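The values are calculated or read from the model by the stated rules, or taken from the named source; none is laboratory data. This structure is a prediction, so every number in the text was calculated from the model and none was measured. Ideal geometry is used to build each Cβ from the backbone, glycine not excepted, and the neighbour counts take in all protein chains shown.
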Amino acid sequence: MSEAVTAEPRRERLASLDALRGFDMFWIMGADAIGGVAASMTEGKQGWARIVAEHLEHVPWEGFRFYDLIFPLFVFIAGVSLVFSLEKTVARHGRAWAFGRLLLRATALYVLGVLYYGGVAEGWDQVRWMGVLQRIAISYLGAGLCYLLFGLRGCVGAWVALLVGYWAAMTFVPVPGVGAGNFEEGKNLANWIDSRWLPGRKWDGDHDPEGLLSNLPAIGTCLMGVLAGGWMRRPPEGRGLGKASGLVVAGVVLLGLGWGWAWQFPVIKKLWTSSYVLVAGGWSCLLLAAFHGVVDVRGWAGWCRPFTWVGLNPIAVYLSAQLVSYDSLARRLVGGPVQAMLEGWMPHLGELGVAGVGIGLGFVLAWGLNRQRIYLRL
């Protein structure tokens, strides 16, 4: 169940976590549009501009770019937040209440995900049962149950079991007509299970990038956030950058393990491979360390205030993009003659301006909600 909270967010919230969530949402709000324009602007060219443009687009299959970090970073942040929220709920209402609230929030988020992709408007056979919000809900529920039942040490064991178990299944379980250990699109175990057992509409034909089996390592991504959240909840030791330093070490180790594992189990976002979990988790730890060190420890928070507005209302901003097309509204504001004028100054500058205004509208919404102290929670 969603609820609008009109009180100001509690002071014990990590400002860096809200800012990092808003930074992540910034790319969800319109990086695909910016990436498309940037790709057009640098087509046929080489150099840093082309590299930047490529990193604003997903890798077609195997590999890792900046834009491939955005989704797992959000799942990771959900895990960090989960530790703080569950601890407060248990302290105030008890463990049974925490279990119920966890289930209720995950169910509400899952239902919102189904509705976001159209619900049952085009019939049951066109319902997208697995999607972005649905994956966040499943990951949140799995990691939350593990934390409540087994604590942080149990989460470590579950994280290892999920990643190793997924690797073993994908590597050693044969796919009919293909065999075992094939990670090509349409020829791997995860895609085969989707084609046989996932009902409704699938994003990539007969399989889905947020498919059934790959929910297991996605829970592992959220568990990494839980472990990072447990680290962040520790009392401060020594100089203020101690926690950030620990996150940096963890991030570097995870990146090394991930790229080492990739020699056998490639980094593939659409399969959420175990190596992909480690690489994305490594970068997530490094980003959390950077934001924590700058915002929480040093107190330099003014530069990220727009990100914080978005980070306090991520669900509202995300769902509003489905209800109101920011791109269409932006074209009404700066399209037509304004866009043509910008194109006269520089090719593709008009499209870039429309994309920028579209993102800006999302920031305006977040600013307005924050100004009225309205925070949509699930």
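For this structure, a couple of remarks:
- Out of 167, 159, sole residue that is modelled with pLDDT of 95 or more, within 24 Å of residue 202 (Cα to Cα) and touching a helix residue (DSSP H, G or I) at 6+ places or on another chain (Cβ under 8 Å): 167
- When residue 71 is tested against (1) under 20 Å from the mean Cα position of the chain (by Cα); (2) modelled with pLDDT under 70, exactly one condition is not met: (2).
- Residue in the stretch 264-282 that is at pLDDT below 95, under 23 Å from residue 137 (Cα atoms), of a type outside the set (Gly, Ala, Ser) and outside any loop (DSSP other than H, G, I, E, B) present: no
- Scope the stretch 318-330; condition part of a helix (DSSP H, G or I) and modelled with pLDDT under 80; matching residues: 321, 322, 323, 326, 327, 328
- Of the candidates 303, 309, the single residue that is surrounded by 18 or more Cβ atoms within 10 Å (Cβ to Cβ) and not β-branched (Val, Ile, Thr) is 309.
- Scanning the stretch 212-233 turns up no residue that is of a type in the set (Val, Ile, Thr), more than 27 Å from residue 358 (Cα to Cα), surrounded by fewer than 23 Cβ atoms within 10 Å (Cβ to Cβ) and in contact (Cβ under 8 Å) with a residue 12 or more places away in the chain.
Conditions tested, residue by residue: (1) closer than 28 Å to residue 231 by Cα; (2) assigned to a helix (DSSP H, G or I); (3) within 24 Å of the chain's Cα centre (by Cα).
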{"residue": "107", "(1), (2), (3)": "yes, yes, yes"}
{"residue": "114", "(1), (2), (3)": "no, yes, yes"}
{"residue": "128", "(1), (2), (3)": "no, no, yes"}
{"residue": "133", "(1), (2), (3)": "yes, yes, yes"}
{"residue": "138", "(1), (2), (3)": "yes, yes, yes"}
{"residue": "156", "(1), (2), (3)": "yes, yes, yes"}
{"residue": "195", "(1), (2), (3)": "no, yes, no"}
{"residue": "200", "(1), (2), (3)": "no, no, yes"}
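- When the test is whether a residue is assigned to a helix (DSSP H, G or I), on the phi < 0 side of the Ramachandran plot and at pLDDT 95 or above, residue 244 does not pass it.
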